[in-house]
1. List the residue pairs whose Cβ atoms are under 6 Å apart, where the first residue sits in segment 392-415 and is aliphatic (A, V, I, L, M), the second is open to solvent by 70 Å² or more (accessible area, probe 1.4 Å) and in a loop (DSSP other than H, G, I, E, B), and the two are 6 or more positions apart or on different chains.
2. Quick one: count up the residues across segment 190-230 that are of a type in the set (D, E, K, R), open to solvent by 20 Å² or more (accessible area, probe 1.4 Å) and at pLDDT below 85.
3. Can you run down the residue pairs with Cβ atoms below 9 Å, 6 or more apart or on separate chains, where the first is in segment 239-255 and without any contact (Cβ under 8 Å) to a residue 12 or more places away in the chain and the partner is open to solvent by 10 Å² or more (accessible area, probe 1.4 Å) and in a helix (DSSP H, G or I)?
4. Quick check on my filter: what residues within segment 191-235 are among the basic types (Lys, Arg) and touching a helix residue (DSSP H, G or I) at 6+ places or on another chain (Cβ under 6 Å)?
5. So Arg8 passes all but one of these: (1) open to solvent by 70 Å² or more (accessible area, probe 1.4 Å); (2) part of a loop (DSSP other than H, G, I, E, B); (3) modelled with pLDDT under 85. Which condition number does it fail?
6. Report yes if Arg153 is among the basic types (Lys, Arg) and closer than 27 Å to Thr241 by Cβ, otherwise no.
7. Would you mind stating whether Gln109 is part of a helix (DSSP H, G or I) and polar (S, T, N, Q)?
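The values are calculated or read from the model by the stated rules, or taken from the named source; none is laboratory data. If you're wondering where the values come from, they're calculated on a predicted model, not measured in any experiment. Note that each Cβ is placed from the backbone with ideal geometry, even for glycine, and that neighbours are counted across all protein chains shown. What goes into the accessible areas is simple: the full protein's heavy atoms, side chains included, and nothing from ligands, DNA or RNA. Shrake-Rupley method; radii C 1.70, N 1.55, O 1.52, S 1.80 Å.
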Amino acid sequence: MFNSLSDRLTATFKNLRGRGRLSEADIDATVREIRRALLDADVAVPVVREFTAAIRERALGAEVTGALNPAQQVVKIVNEELVEILGGQTRTLQLAKVPPTVIMLAGLQGAGKTTLAGKLAYALKAQGHTPILVAADLQRPNAVTQLSVVAERAGVPVFAPHPGNQGAETEAVIGDPVGVARDGIAFARDKQHDVVIVDTAGRLGVDQVLMQQAADIRTAIDPDEVLFVIDAMIGQDAVNTATAFLQGVDFTGVVLSKLDGDARGGAALSVAKVTGRPIMFASTGEKLTDFEVFHPDRMAGRILDMGDVLTLIEQAERAFDAEQAEKMAQKVAEGKDFTLADFLVQMQQMKKLGSMKKMLGMLPGMGQMREAIESFDEREVDRIEAIIHSMTPAERENPKIINGSRRARIARGSGTTTTAINQLLERFEGAQKMMRQMSRGGGMPGMPPMPGMPGAGKRAGAKQAPQKKVKGKSGNPAKRAQQEREALQKALGGGPAAPAAPAGSSFGVGKPAAKEEVDLSSLQLPDGFDKLLGGR
């Protein structure tokens, strides 16, 4: 969603690099470009004015003029101000001291409240809670049915005593949504559910009937959290909608839905600053797992193309199978060969992370490779799975036996070509080499081995030199003369002279023995060589 804004800001900062000092004109030009980028991204005008004024004031101060790298200092200032606009710090759910914790969802029709209810319940269930959904949206056609389907997918119960509207769209109030919400709380308390998520009705636009119903439900159930769900793609109107709900319902937090869209996303940068309420969650896709806690500092890092490695690590920890990871680590430690069966397991683990494009986009500096990332085919992982599944167990264990006829059979079985088989085997061979190097303690290719690992201090796979080293002739004339002198003394039956301790040494060493004179006249030496040996 923030691709366009991210590209504009990155290009602006690139113009500052390499400058030892920034003039007032440089700073004004930078602030002007930032202002244009934010306005083009549909950020609210008051927010843009406040944001750019703060950046200009700090950039003209001693904070930048005294910095060793002024350009990096400007980026740091923009990052800090962006974090402030997005809410400053992460805000999590405030759970009730006495269960159940009641969470009410509010927002316009189509914002994604029902889907979000399932995602939130799924996330809370994974944390050990026992949530229940309450179908208080009786207005929208088949809203109750949709919530029941979402609840089933999330594996949580739903309280839906009224079927709701089963026909066409109508402005008339159907049933008693306030009574359903109140009875849902009582039912949850009786069945010992510790979290209740109440899905309320929306409208296509803000009207008095919608606000009155939402206010009545809030008064009846006295929720611990009121989450305002807003479509991040609606642009400038997001600010007006958020302000109206703040006055009518007084929500405690904001949830951004459809953050995976291709709209300009200014609503996300405006709503927290305008309403004074924190953005708590973000919905980033259709799956139940496409849901994350909103971290202002991490989102600012994504916008400025600094990446979001922490979120990537957290997703990996949730998705990866600890038992499988332990088996793979043990296999590497024991020096066992990496097989195509292991490769398949690794690919399946990667699939659990979700979209590869989204995962790659969380890495720092990936904005420069956005076109390559966007052109990546998500089905490539499925094709690799199909190819490996078309192999026999023996072929997965030992890919070297895969000859031409076997490749043709695998290609037919997986619906691919022999070229695809060859490409996969080449990639696997590279992965296998890397795993072999790691098992020998060599670490990752191009990196030094880890201290304490087998093979640390030597290059993995290289022939080790013998313990006794043979010195070659030094390129230094004085050192070479010393080496030749010692070699000559060995040839005469003596070893290299050890330095003698002085007489009367505090270590009790006596007077050194007299040096044995060597007759150099009897030796056939090159001209001038005797001078190197101290001869006259």
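1. Filtered contacts from segment 392-415: Ala411/Thr417.
2. So the count comes out to 1.
3. These pairs meet every condition: Gln247/Met211.
4. Selection gives Arg203 alone.
5. (2)
6. Numbers: among the basic types (Lys, Arg): yes; closer than 27 Å to Thr241 by Cβ: no.
Considered against the rule, which asks whether it is among the basic types (Lys, Arg) and closer than 27 Å to Thr241 by Cβ, Arg153 comes out as no.
7. no
A quick yes/no check of all residues on (1) modelled with pLDDT of 85 or more; (2) over 27 Å from the mean Cα position of the chain (by Cα):
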{"site": "Asp42", "(1), (2)": "no, no"}
{"site": "Val64", "(1), (2)": "no, yes"}
{"site": "Leu68", "(1), (2)": "no, yes"}
{"site": "Val75", "(1), (2)": "no, no"}
{"site": "Gly112", "(1), (2)": "yes, no"}
